[in-house]
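Every read-out reported here was derived from the displayed coordinates using simple, explicitly stated rules and does not represent laboratory data. Please read all numbers here as calculations on a predicted model, not as lab measurements. In this analysis, Cβ positions are derived from the backbone assuming ideal geometry, glycine residues included, and neighbour counts consider all displayed protein chains.
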Ligand code: XMP
């Protein structure tokens, strides 16, 4: 696609001109926007970019390893992998209130990232510390924070807020995706050589599995959820709808598993089980403001529930969420 290729050339030239020979820091989350921003900036300035990947331990199964493999392994970008899972889980211990959990995760995230960025800024202070903070801000984010969208009267869920970070760190802001819509960001990602599956992934909330383990987030629950969710996603990708020729991951806007800290009785072989419950959630939506629960084929639900119960010891019941938004929200917390 030569339109995208020439866009890449232009964007690369612009970044080089803006940054000169100075160093840049970028927070990598594994999400589409920060990944594409990282790949683009890396294409432009190579080792002048250092990515900081804060792993809060609330990512999907294998996600941390995949992010490192992609950026450090394949793109040969400089990536600092901060494994902060113990710290996050420590702060979350005993906390059950969803808003409280969101605030803790958001605050810790900023703290950990700030500490790493400060180190990089100070690195070789005599020579060359970082001067820029790059962010994967896309056009809809710009519009939203400009207040052009109607503000909701009530905060339903507090989202991560990383505004003001560049000022606090004394860094200049680099936002190469500011003019792009989501679908353009995805095309750009493909043009930069990022894998299709990474670029077309469903959205994943900043607080991650922290809001998909209901109530207190225990390490054991996170592990069970990761394993169940990986099965659900794998089967969605494998199930092709004969009419459209698309698989059910593509046919849904967002799909995931929720861990319920509730035990129910089951039977396995000759024995009684008393284990946890998960809920499968899959929705179709164009704007995430309203959403319909997806009418997944029964055969698919059957396969997923059978696999989860057989393969994930500790879960003995699977339910399907048939609530639309509103009045339910997409996430359970
Ligand atoms: P709800 O649950 O409010 O979710 O219907 C709407 C969309 O927003 C995502 N979401 C978040 N994204 N940080 C994010 O970056 C968050 O704190 C957050 N909370 C919800 C949710 O996954 C869905 O796509």
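Bridges between two residues of the stretch 212-320, per DSSP, are antiparallel at a rate of about 75%. Computed from Cα atoms, the angle from the helix 298-311 axis to the main principal axis of the chain rounds to 90 degrees.
Using mean Cβ contacts within 10 Å as the protection proxy, how do 111-117, 278-284, 37-43 order, highest first?
Values: 111-117: 17.9, 278-284: 22.6, 37-43: 24.4.
Order by mean packing, descending: 37-43, 278-284, 111-117.
For the chain, what is the mean residue ellipticity at 222 nm derived from helices alone (per DSSP H run of n ≥ 4: -39500 (n - 2.57); sum divided by total residues; nearest 500 deg cm²/dmol)?
Numbers: 11 runs with 131 residues, N = 333.
Theoretical 222 nm ellipticity from helices: -12000 deg cm²/dmol.
Under the simplified labelling scheme, the residue 267-residue 9 pair shows an inter-label distance of 7.1 nm, with each label point 7 Å from Cα along Cα→Cβ. Of all beta bridges that DSSP places with both ends in the stretch 3-137, some 0 percent have antiparallel geometry. Taken along its three principal axes, the alpha carbon spread of the stretch 212-320 comes to 43, 30, 18 Å, from the longest extent down to the shortest.
For the chain, DSSP calls about 40 percent of its internal beta bridges antiparallel. Direction-averaged projected area, Cα convex hull, the chain: 18.7 nm², rounded to one decimal.
Extending 7 Å from the Cα toward the beta-carbon at both residue 128 and residue 190 defines two label points whose distance is 3.5 nm.
For the pair residue 197 and residue 111, label points projected 7 Å from Cα toward Cβ lie 3.5 nm apart.
By how many nm would the segment from residue 76 to residue 145 grow when fully extended, if each residue of separation counts as 0.36 nm and the alpha-carbon distance is taken off?
21.5 nm is the gain from fully extending residue 76 to residue 145.
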